[in-house]
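To start, the structure itself, in structure tokens.
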Amino acid sequence: MSNKNILFIMTDQHRNDFVGYMPGSKMETPNIDRIAGEGTGFAACQSVNPICTPARTALATGRYPRQIGTLTMAGDLSPQIPTHMQALQRHGYTTYGLGKFHFQQTWKWGTPIRTGLNMIKHEDLQKQYGYDQIWEVSGKSLLLNNYCSYAKYLSDLGLYKTMENYVISTGVNSEYPSHNFDKGEPSPLEEEHYIDKVIGRKAREFINNHDSQKPFYMMVSFCSPHRPYDPPQRYLDMFPLDDKDDYILQEGESMTRKERDCLNRQIRAYKAKIALVDDEVGLLLNTLEKKGIKEDTLIVFTSDHGDMQGDHYRLQKAFPWKQCTTVPLAIRMPGFQSQKLVKAPVELTDITATILDYAGLDHVEALSRDWPAYQDIIPCRSLLPVIRGEVDRIRDYSFTETDYTEEKDYKSLKELGSAGSEVKQKGERPRPERTQQWQMLQSEDYKYIKYLQYKEPGKFHEELYNLRDDPDELDDIAKDPANRDIMEYFRRELMYIVDSTPPAQTVWSPVESWTPGKH
């Protein structure tokens, strides 16, 4: 009997209109397209939380970040929350983790550089999430605080300081194009030492060295196209510098030529980084073919969240717009080459249930504990019935939420270099009622957003968009009396989700037997 291997490929901060199989794509990705073309592509996969740690911990556990204490990028995923990797280990899989995990954000934003997590020293702690072998990287920005496998790789070659200086020079995250520091310049490293090239090589080594008598699960988590926008020069040269001027802007928003020029350089580099990852995906697929196991392997491609890239006059992540929340998703399941694009709503964590279902496990049973309370509420759903053509959808809408205030509000920027001193508190948000904390439901036809952090009971701000008539999400129709029933429907459904997914309880006190009078 053949093994049911699982190859789970991720990118970081990857918009779904930057994969070739999507209608209206902004670039070609022939190898990623192979996964969708030989399987199933999904056009409306929504991140359950468009920030790195919340999205990634949700994927590991099949739960909403609100259930596992990772609503924002602060703190760590508790090892008491079951993961799909642990379930696969128990089921006889050899599990591998390569690249960016970001299950932990132990240190506070603004912590001095070279102060943070030593992932090499505590590798066994990282493995407790359910990995037999790991080669973990922190990503380029977090390289300033975390000593990881890639930091050691660079240190051994005498290249760490070069990369550290480059990351510092690119500045810090910003919310508006008016404070955009990254110049989209090429990597200071030779191409062979670029982080995603190293991750790809390590993944191929693990596949080639794997004992084929056992099934494997492998997460290969690339760091591109997340900033800094630093592709190797060869990839940057593949793309012309376009004078893009069709940014999606809301009423009252405008962009200067200087802001647009900076964004255009970044988008060029963004495409170049995706092209590099696409090449690495191709090499992984070729490795499976050469080893003769491609037809024994479920292949999944996705990302944690997208990137605003100037649309709605915003940068980076954590916003409810499609550029940020909608991610690529392609699944190639042996024996089911449907070659279709599913437009029905999908949540990112549905991948978790799909992986377990493919391995022959019930996802609720595999991810639950019978004690303590609320450890058995698992909202993810398997996509295999859709892939097999048995149903056209598994849900009527997707749920997304976030709270970005933790990272956005930190003040200690001086340790990040001179670029940090240029950050100003603009105080010019065009719509101040749009807070950094929000909840969203999205169906095929509508997007409903509820903004939190309101000051009085019931005084929250809501928005509604008709996605068929207004795909750019510019015309808020929440106050139109004709939409009263639609608004009431989404309010009711959102209340149900929030009320029915309480945080899982955890324990820390030791349990032991005792005899009265004895200690």
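Every number in this text was worked out from the coordinates using simple rules, so none of it is lab data. Keep in mind it's a predicted model, so treat the numbers as computed, not measured. Methodologically, a virtual Cβ is constructed for each residue, glycine included, from the backbone with ideal geometry; neighbour enumeration extends over all protein chains shown.
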Check which residues have an amide H placed less than 5 Å from Tyr147's amide H, if you skip close sequence neighbours. Leu117, Asn118, Met119
Please report Thr40, Thr354, Thr256 as a ranked list, fewest other C-beta atoms within 10 angstrom at the top and most at the bottom. Thr256, Thr40, Thr354
Antiparallel as a % of all DSSP beta bridges within the chain, to the nearest 5? 50 percent
Among Thr61, Thr170, Thr400, Thr515, which comes first, then next, by fewest other beta-carbon atoms within 10 Å? Thr515, Thr170, Thr400, Thr61
Need one number: nm distance between label points at Glu253 and Asn208, each 7 Å from Cα along Cα→Cβ, rounded to one decimal. 4.7 nm
Within straight cross-link reach of Lys455, meaning Cα distance under 26 Å, which lysines are found once same-chain residues fewer than 8 apart are removed? Lys317, Lys408, Lys411, Lys424, Lys426, Lys447, Lys479
Viscosity 1.567 mPa s, 4 °C: Kirkwood-radius Stokes-Einstein D of the stretch 75-230 over Cα pairs, µm²/s: 77 µm²/s
Between Glu456 and Thr162, what is the FRET efficiency for a Förster distance of 60 Å, r being their Cβ-Cβ separation, to the nearest 0.05? 0.70
Mind computing the radius of gyration and Dmax over the alpha-carbon atoms of the chain? Å is fine for both. 22.4, 81
Using a Förster radius of 30 Å, what is the FRET efficiency between Glu192 and Lys127 based on their Cβ-Cβ separation? Nearest 0.05, please. 0.60
Burial ordering of Asp476, Asp350, fewest other beta-carbon atoms within 10 Å first: Asp476, Asp350
What does the stretch 229-335 give for Rg and for Dmax, in Å, if only its C-alpha atoms count? 17.6, 57
Between Ser178 and Asn286, take the C-beta separation as r, use R0 = 56 Å, and let me know the FRET efficiency to the nearest 0.05. 0.80
Run lengths n ≥ 4 of DSSP H only: what is the helix-derived mean residue ellipticity at 222 nm for the chain, with -39500 (n - 2.57) per run over all residues, to the nearest 500? -8000 deg cm²/dmol
Relative to 2.2 N^0.38 Å, what does the C-alpha radius of gyration of the stretch 113-173 come to as a ratio? Two decimals please. 1.17
Run the quick spin-label model on Asp392 and Glu512: label points 7 Å from Cα toward the beta carbon, then report their separation in nm to one decimal. 6.2 nm
What the 10 Å binned alpha carbon P(r) of the stretch 439-514 shows, as percent of pairs per bin from 0, is 16, 40, 21, 10, 7, 5, 2
Amide H neighbours of Trp438 at under 5 Å, excluding residues fewer than 5 places away on the same chain, with H built from the backbone geometry, are Thr402, Leu452
Asp376 and Arg260 label points (each 7 Å along its Cα→Cβ direction) are spaced in nm at 5.9 nm
Rounded to whole Å and ordered largest first, report the semi-axes of the equivalent ellipsoid of the stretch 92-136 derived from its Cα gyration tensor (root of 5λ). 24, 9, 9
How are the Cα pair distances of the stretch 287-331 distributed, in percent, across 5 Å bins from 0? 5, 20, 19, 13, 11, 8, 9, 10, 5, 1
Given contacts defined as C-alpha pairs under 8 Å and at least six residues apart, what's the relative contact order of the chain, whole-number percent? 24 percent
Write down the radius of gyration of the stretch 297-408 and its Dmax, each obtained from C-alpha positions, in Å. 16.3, 47
